[in-house]
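The values are calculated or read from the model by the stated rules, or taken from the named source; none is laboratory data. Source: prediction; values computed, not measured. Neighbour counts are summed over all protein chains in view; Cβ atoms, including those assigned to glycine, are modelled from backbone coordinates with ideal geometry.
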Amino acid sequence: METQDEAELCFPQLFNISCKKPKTSLSQVLLPYVVVYSVSLLTVALNLLVIVSVSHFRQLHTPTNILLLSLAVSDFLIGLLLMPAKILRDTACWFLGQLTCLIYNYICFIITSASVGIMVLISVDRYVAICDPLHYPTRITDRRVKLCVCLCWLCSVFYNILFIKDDLLQREQHTSCYGECVFVIDYIVGTTDIVVTFIAPVTVIVILYMRVFVVAVSQARAMRSHVTAVTLQLSVTLTAKKSELKAARTLGVLVLVFLLCFCPYYIVSLLGNELFNSSSASIVIYLYYFNSCLNPLIYAMFYPWFRKAVKLVVTLQILQPGSCEVSIL
């Protein structure tokens, strides 16, 4: 018969080296479980709709939408893998082993870095479209965007090996007991990461979108001043500019929401808290994950093509022959 101390251990058979079970009652963990798993399910469903829509309809195969597709893939992985594993790690013993813990943290780093890189690419895309529209079709092509997206993910994969190489060789170095999943970042590596994946990209995003905002305002004023007397050619040009400005506004909202959810993630570490292990860090990580659920809702609010595509996907009309050629713009 187990003693009381043994019953409180994650691994009773490892009495001397086992962690204690988190002292939380069912009522305390039930609400967090329901909320997180509900958001996780919603995140997976919404981003899967984005992935299917952009992938299926050929009209949507534009450079900007390719970037949104890549962002939806990272958001989908967050909802499918990271959210459930995060709530499990915070409220229960980690029974999956140290190697699985290492892989989980590695995937977290990859997705986070890739998401930041994609946001930078989206900002560059809007900068060229608004500030240099004449050269946009030749500079920003589908092939180049796909190459940039692939490089973004590959760089994220190889860059984040810096975080796990020591723990991979000595997996039990930072583990005080069995049944926990912690990850300690070296000071130098952590400082480098803050510069590479937070300060530098956020600075680039803010500078580019400030420039986009200034040019967009001037273009909007120019269009209003010429709205009374325009030729057919000028009317087409103004319509194209208006479309680009609307896209810039929509993606500006996307980037702003991302920054609001993402910045606290690193501000906590700048204030000196132990990232990924403290309670305050858990809160900002959940906030960052919640952004993955908000992105498809932003598309639904601002993109009519997304609403039309979702309707066709939900009603299974995409299974009909030639559905990929259906006009939804």
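Between a residue in segment 82-110 that is closer than 13 Å to PHE183 by Cβ and touching a residue at least 60 places away in the same chain (Cβ under 8 Å) and any residue that is assigned to a helix (DSSP H, G or I) and aromatic (Phe, Trp, Tyr), which pairs come within a Cβ distance under 9 Å, given they are 6 or more apart or on different chains?
What qualifies is LYS86/TYR104; LYS86/TYR286; LYS86/TYR289; ARG89/TYR104; ASN105/PHE163.
Could you tell me which residue of segment 1-17 is surrounded by the fewest Cβ atoms within 10 Å (Cβ to Cβ), considering only residues that are of a type in the set (S, T, N, Q) and modelled with pLDDT of 55 or more?
Here is the first cut: in segment 1-17, the residues of a type in the set (S, T, N, Q) are 3-4, 13, 16.
Filter again for modelled with pLDDT of 55 or more, leaving 13, 16.
On the way: GLN13: 8, ASN16: 6.
Per the criteria, the residue is ASN16.
Across segment 278-297, what is the number of residues that are more than 30 Å from PHE183 (Cα to Cα) and crowded, with 19+ Cβ neighbours inside 10 Å?
Applying the first criterion (more than 30 Å from PHE183 (Cα to Cα)) to segment 278-297 yields 296-297.
Narrowing the set further to residues that are crowded, with 19+ Cβ neighbours inside 10 Å leaves 296.
The qualifying residues number 1.
Among the residues of segment 262-280, is any at pLDDT below 85 and under 13 Å from the mean Cα position of the chain (by Cα)?
So in segment 262-280, the residues at pLDDT below 85 come out as 265-280.
The next check asks that each one be under 13 Å from the mean Cα position of the chain (by Cα); those that pass are 265.
There is at least one residue in segment 262-280 that is at pLDDT below 85 and under 13 Å from the mean Cα position of the chain (by Cα).
Please find, within segment 67-100, the residue that is modelled with the lowest pLDDT out of those that are more than 15 Å from the chain's Cα centre (by Cα) and of a type in the set (D, E, K, R).
Step one: of segment 67-100, the residues more than 15 Å from the chain's Cα centre (by Cα) are 84-100.
Cutting the leftovers down to of a type in the set (D, E, K, R) gives us 86, 89-90.
Working: LYS86: 88, ARG89: 84, ASP90: 81.
Top of the filtered list is ASP90.
Name the single residue that is modelled with the lowest pLDDT among those in segment 18-34 being of a type in the set (A, V, I, L, M, F, W, C) and surrounded by 10 or more Cβ atoms within 10 Å (Cβ to Cβ).
Restricting attention to segment 18-34, the residues satisfying the condition of being of a type in the set (A, V, I, L, M, F, W, C) are 19, 26, 29-31, 34.
In the following step, the residues that additionally are surrounded by 10 or more Cβ atoms within 10 Å (Cβ to Cβ) were identified as 19, 29-30, 34.
Working: CYS19: 81, VAL29: 76, LEU30: 82, VAL34: 90.
Looking at residues that are of a type in the set (A, V, I, L, M, F, W, C) and surrounded by 10 or more Cβ atoms within 10 Å (Cβ to Cβ), I get VAL29.
Please work out if PHE109 is out of contact with any Cys (no Cβ under 9 Å at 6 or more places or on another chain), surrounded by 19 or more Cβ atoms within 10 Å (Cβ to Cβ) and modelled with pLDDT under 85.
Numbers: out of contact with any Cys (no Cβ under 9 Å at 6 or more places or on another chain): yes; surrounded by 19 or more Cβ atoms within 10 Å (Cβ to Cβ): yes; modelled with pLDDT under 85: no.
Judged against the criteria, PHE109 is not a match.
Kindly provide the set of residues from segment 281-329 that are at pLDDT 85 or above, polar (S, T, N, Q) and closer than 30 Å to ASP186 by Cβ, ordered by number.
Hits for segment 281-329 are ASN291, SER292.
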